[in-house]
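Please read the structure below before turning to the comments.
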Number of protein chains: 2
Amino acid sequence: MSLLVTGTIAIDTIQTPTDKAEGVLGGSCAYFAAAASFQSPVRVVAAVGGDWPSGHRAILESFDNVCLGGLEERPGAKTFAWGARYLENLNQRETLFTKLGVLDEDPPPVPDRYLDSEYVFLANTHPKVQTQFLSHFPKRKLVVADTVDLWINVARPELLGVLKQVDGLILNDSEAVQMTEITNAVTAARRLMEHGPTFVVVKKGEHGAVLVHREGVATIPAFPAEQHQIVDPTGAGDAFAGGMMGHIASVGMTNFFTIQSAMAWGTVTASFAIETFGLLRLTQITRRDIDERLRQFQAFARVG
Amino acid sequence: MSLLVTGTIAIDTIQTPTDKAEGVLGGSCAYFAAAASFQSPVRVVAAVGGDWPSGHRAILESFDNVCLGGLEERPGAKTFAWGARYLENLNQRETLFTKLGVLDEDPPPVPDRYLDSEYVFLANTHPKVQTQFLSHFPKRKLVVADTVDLWINVARPELLGVLKQVDGLILNDSEAVQMTEITNAVTAARRLMEHGPTFVVVKKGEHGAVLVHREGVATIPAFPAEQHQIVDPTGAGDAFAGGMMGHIASVGMTNFFTIQSAMAWGTVTASFAIETFGLLRLTQITRRDIDERLRQFQAFARVG
């Protein structure tokens, strides 16, 4: 039942068409861990710099189930910083700046007491680092990796190497097209599975997600939010993955039906995350709110 | 339980990235009626020219529940003809030609015995014509109109007039944006409802559809087809509407839950329609195939 995530902790600066937030807690690890923590304890392995605000640590510590034993503070280094601007429809964004900081150094070590982790999520980072991490977890039952366009461009062979070793891959629809040149999400996922994974989840943002698994296919819409409820889509994909992996770890099963169910938990958790900048909304809710929204979502998404 | 549709019968010429079909039966009325007929008898009111191939009539007549009593053949006129080419991903298309033919003349008359129709679908045509049609049906219980970008551009005031008189509006996501300048489907639908309709269905093609109704919200993914199963997306929206309205008419209820269920029937019927050019695939299947695919879809789209 032990879930571990490794990825980035970031200091984000976000502009939306109507608002702006500077210096908020972000990064794949932060969103994933907060989201997963409603379902399961989650171990974080990540690095930050000496400039990391104590307020950001306090936010992560406010989640009961987030375990920061693998969070390394490097006094002489800078925390990864990322700035982005969303275009009018909130589905497209442009990166304004990327300051790698600690990401340009050695990856953080995995504490000995985390080496028994069974459920492992490799959030977006260099595929070479993802592969190295994997070797730390001999008891792994389910490993899922995320990736982004950058690695498809500059490290495709290494990324294909990752695919050989993971059980699941999760990526955006545009990235699935980029990797396979196939626009159909189901067919693109099958092509990716030829490289190794048992399943692929294609995230489609406001249009939901598709799961293709050796044992079946699943499709799920996004939570039908109103425009005013969507403040900042940053981290939605990581929160989705967190809710998903948190559910899988809590159930302790890795079959198709569990992963299909997990997508619903991921969807509703992500629907909260986008209601504010950073993790603010996730700090305000409890498991009961997520359960309640899942019931609402089941009613919204009833078929036939 | 009487369902009536008025719209176009067309002679279509379609190019896809891998194939081409010339002179196939198409048009909103044809796709709608064929799709609806698996659920309910459906009355067709439309006009064709003297050039209409007898083979096209035979195709429509092969559907047990399609009633052609309102199909007017005008020997001196030409059938509406339309040519289009799909781009690489099948989600974008460009119109190659549009020959209005009979569409440029008076609309077809409604036979007296159709005047008691209770469920009426106004497929895409000039909003002025849609309004005129409505006055024929004093016993109408549910009227749903479709529209396209052309009328939003050239006849917006008349289209707003249609919205005042119908129960439901169905349109593509791009058209919802065009009408409201709101990219969020739920919020755009609510804005459109301010003009009169009780509900709005926003169709999103491969991403499914969203229903916003005074009594609730529903969201449904598309059927997760493989790339090779999608031959020609033409008519998918009309087949969706046909399956939807056919279900509503067969149930004889117009509440939110019925319309939500109806979207699932629309989705699976449309998923067959796109497997071939024209109506071919719909001529090959029975109600049992649709029931079977609905069950499959329910499994694919299970939430939580």
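The values are calculated or read from the model by the stated rules, or taken from the named source; none is laboratory data. Computed from a predicted structure; not experimentally measured. In this analysis, Cβ positions are derived from the backbone assuming ideal geometry, glycine residues included, and neighbour counts consider all displayed protein chains. Just so you know, the surface numbers come from the protein's heavy atoms only, side chains and all, with ligands and any DNA or RNA stripped out. Shrake-Rupley method; radii C 1.70, N 1.55, O 1.52, S 1.80 Å.
Leaving out ligands, DNA and RNA but keeping every protein chain, what accessible area does A:M253 have, in Å² rounded to the nearest 10, with a 1.4 Å probe?
90
To the nearest 10 square angstrom, how much accessible area does B:E105 have with a 1.4 angstrom probe?
Accessible area of B:E105: about 90 Å².
With each pseudo-label sitting 7 Å past Cα toward Cβ, what's the B:R113-B:T18 distance in nm, one decimal?
4.5
Taking every residue in B:225-238, how many Cβ atoms of other protein chains lie within 10 Å of its Cβ, on average?
2
Given Cα positions, please report Rg to Rh for chain A, the hydrodynamic radius being the Kirkwood one.
Using only Cα positions, Rg/Rh for chain A is 0.93.
Please report the accessible area of B:V202 (heavy atoms, 1.4 Å probe, ligands and nucleic acids excluded) in Å², nearest 10.
Around 0 Å² of this residue is reachable by solvent.
In peptide A:202-208, how many Cβ atoms from other protein chains are near each Cβ within 10 Å, on average?
What the average comes to for A:202-208 is 4.
Over the protein assembly as shown, what is the percentage of antiparallel beta bridges among all DSSP beta bridges, to the nearest 5?
Here the share of antiparallel DSSP bridges comes out near 40 percent.
Over all residues in A:177-185, what is the mean tally of Cβ atoms on other chains that come within 10 Å of each residue's Cβ?
Whole-number average of other-chain Cβ neighbours for A:177-185 is 3.
Would you mind estimating how fast region A:83-155 diffuses translationally, via Stokes-Einstein at 25 °C and 0.890 mPa s with the Kirkwood radius over Cα pairs, in µm²/s?
168
For q = 0.33 Å⁻¹, what log10 I(q)/I(0) does region A:1-43 give under the Debye formula with an equal point scatterer on each alpha carbon and no solvent?
Once normalised to I(0) and log-transformed, intensities are -1.07.
What does the extension gain come out to for B:T276 and B:Q178, with contour length at 0.36 nm per residue minus their alpha carbon separation?
Full-extension gain reported as 32.3 nm.
Dividing the convex hull volume of the alpha carbon atoms of region B:146-242 by its residue count, what do you get in Å³ per residue?
Expressed per residue, the convex hull around the Cα atoms of region B:146-242 is 99 Å³.
Taking chain B as a Gaussian network, Cα atoms linked when under 10 Å apart, which of B:D106, B:D51, B:D149 shows the biggest mean-square fluctuation?
Among B:D106, B:D51, B:D149, the largest mean-square fluctuation in the Gaussian network model of chain B belongs to B:D106.
In what sequence, largest accessible area first, do B:K164, B:K203 appear using a 1.4 Å probe?
B:K164, B:K203
If I model a spin label as a point 7 Å beyond the Cα along the Cα-Cβ vector, how far apart are those points for A:A299 and B:T95 in nm?
Result for the modelled spin labels: 4.2 nm.
Within chain B, which DSSP H helices have Cα atoms that stretch 15 Å or more along the helix axis and a mean Kyte-Doolittle hydropathy of at least 0.5?
B:236-251, B:256-273
Please check: in the Gaussian network model of chain B (C-alpha springs, under 10 Å), which one of B:A77, B:A58, B:A30 has the largest mean-square fluctuation.
Per the Cα network of chain B with a 10 Å cutoff, B:A58 tops the list.
Using the Kirkwood radius built from alpha carbon pairs, what does the Stokes-Einstein equation give as D for region A:165-300 at 10 °C and 1.306 mPa s, in µm² per second?
This corresponds to a translational diffusion coefficient of 105 µm²/s.
Over 26 Å between Cα atoms, which of A:K20/A:K99; A:K204/B:K20; A:K20/A:K128; B:K141/B:K164; A:K164/A:K203 qualify?
A:K204/B:K20; A:K20/A:K128
Nearest 20 debye, what's the magnitude of the dipole of the protein assembly as shown about its Cα centre given +1 on Lys and Arg Cβ and -1 on Asp and Glu Cβ?
Dipole of the protein assembly as shown, to the nearest 20 debye: 900 debye.
In Å, what Rg and Dmax follow from the Cα atoms of region B:253-301?
Values for region B:253-301 (Cα only, Rg and Dmax): 11.8, 34 Å.
Determine by what factor the alpha-carbon radius of gyration of the protein assembly as shown differs from 2.2 N^0.38 Å, reporting the quotient.
Taking N as the residue count of the protein assembly as shown, the ratio is 1.04.
Which GluC sites (Glu not before Pro) does region A:131-202 hold that lie in a coil by DSSP with at most 16 other beta carbons within 10 Å?
The qualifying sites are A:E181, A:E194.
Limiting things to C-alpha atoms, what are the Rg and the maximum Cα-Cα separation (Dmax) for region A:21-177, in angstroms?
15.9, 46
What residue among A:A123, A:A35, A:A188 shows peak mean-square fluctuation when chain A is described by a Gaussian network model with Cα springs under 10 Å?
Sorting by GNM fluctuation, first place goes to A:A188.
Taking every DSSP beta bridge with both residues inside chain A, roughly what % is antiparallel (nearest 5)?
Counting only bridges with both partners in chain A, antiparallel ones make up about 40 percent.
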